[in-house]
C-alpha cells in the first residue's frame with residue numbers, strides 16, 4: 001500500500017512535557033516540520049534534547065527527519081498560520097484545557113485540525129459550554145504510555161467532521177503510531193490497571209517491584225504499571241485519578257490517598273529522580 005501524502009504545513013504541539021516531546025519526535029519522523037510551544041524555556045530545550053536522543057537511538061534507520069522548532073506562546077498566532085494539525089498537551093486541568101482549546105479555535109486557520117491529548121477528559125466534556133467557531137475540526141488524540149508504546153486513540157464528538165478523523169487516523173499510521181478509532185466517549189482503559197495497582201500497594205499486598213515483575217512476565221510489556229506511572233509523573237496521575245473520582249461513583253479513596261502520601265514525601269517519578277523507583281541523573 002502506498003504511503004499517504006503528508007498534509008502541507010506543520011504540526012504545532014502545545015506543551016513540551018513527556019507527551020509533547022514524544023509527539024514532536026513522532027510527527028517529525030517523515031520530514032514534516034514541528035513547532036513545540038511551551039511557557040518554560042528549560043522545558044523546551046529539554047524536549048528538543050529528548051527528540052535528538054530518540055533520533056540517535058534510531059540512527060541506523062533511513063529517516064528523513066523534519067525540523068523541530070521551539071516557540072513561546074506569545075508567538076503562537078504566527079506559528080499556527082501554517083499548521084495542518086495542532087495538539088494540546090497541557091496539564092490535566094479542565095479549565096486550562098478549555099482555555100487553550102478556545103484560544104486555538106480562535107487563532108488557527110479554519111482547516112487546521114485541533115486535537116486534545118487529554119488522558120482523563122473526553123473531548124465532549126472539554127468543549128461543553130465553550131463558544132467555538134469551528135467545532136467540526138476538534139477531536140481527541142490521546143497517546144498511551146510514552147515513549148515505548150505507539151498506541152493512540154482518535155475520538156471525535158457528535159459534531160466532529162468524519163473527514164478530520166479519517167485524515168488523522170491515516171497520518172498517525174504513516175508516522176509510526178498504532179491508531180485506534182474510539183467511537184464513543186471514554187476516559188481510558190488504562191485507568192483500571194493504575195487504580196488496581198495503587199489499591200494493592202495501599203493494602204500492602206506487594207511491592208511496586210513485584211507488581212511490575214508480574215505484569216511484565218504475564219503481559220510481556222517493557223514496563224510495569226508502577227514504572228509507567230513514574231514516567232507520567234505521580235502528580236499528573238493524581239490529577240487524573242481525582243477527575244475519575246469526580247466523574248464516576250464508587251471510585252475507592254485509597255489509591256488517591258496513597259499517591260498523596262508519595263507526593264507529600266517528594267516522590268514525583270522520573271521528573272525529580274524518585275517515585276516508585278530511584279533514578280540517577
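For segment 191-271, the relative contact order works out to 34 percent when only alpha carbon pairs closer than 8 Å and six or more residues apart are counted.
Calculated mean residue ellipticity at 222 nm for the chain: -13000 deg cm²/dmol, from DSSP H runs with n ≥ 4 weighted as -39500 (n - 2.57), summed, divided by the residue count and rounded to 500.
Axis of helix 94-107 versus longest Cα principal axis of the chain: the two differ by about 10°, to the nearest ten degrees.
The angle separating the long axis of helix 41-57 from the principal Cα axis of greatest extent in the chain is about 90 degrees.
Across the chain, the relative contact order, built from alpha-carbon pairs under 8 Å that are at least six residues apart, equals 13 percent. From the coordinates of this entry, volume of the Cα convex hull per residue in Å³ is computed, and it appears in [x] 243; [y] 145; [z] 117 under the label [y]. On the beta carbon distance between residue 41 and residue 218, with R0 = 41 Å, the FRET formula returns roughly 0.45. Legend: calculated FRET efficiency, residue 205 to residue 151, from the Cβ-Cβ distance at R0 = 41 Å, rounded to 0.05, equals 0.90.
The distance linking segment 22-90 with segment 220-281 is 26 Å (Cα centroid to Cα centroid, whole angstrom). Rounding to the nearest 10 and keeping the result within 0 to 90°, find how far the Cα-based axis of helix 18-27 lies from the longest principal axis of the chain. For 18-27 against the chain, the angle is about 40 degrees.
Every number in this text was worked out from the coordinates using simple rules, so none of it is lab data. A quick note: this is a predicted structure, and the numbers were derived from the prediction, not measured. Methodologically, a virtual Cβ is constructed for each residue, glycine included, from the backbone with ideal geometry; neighbour enumeration extends over all protein chains shown.
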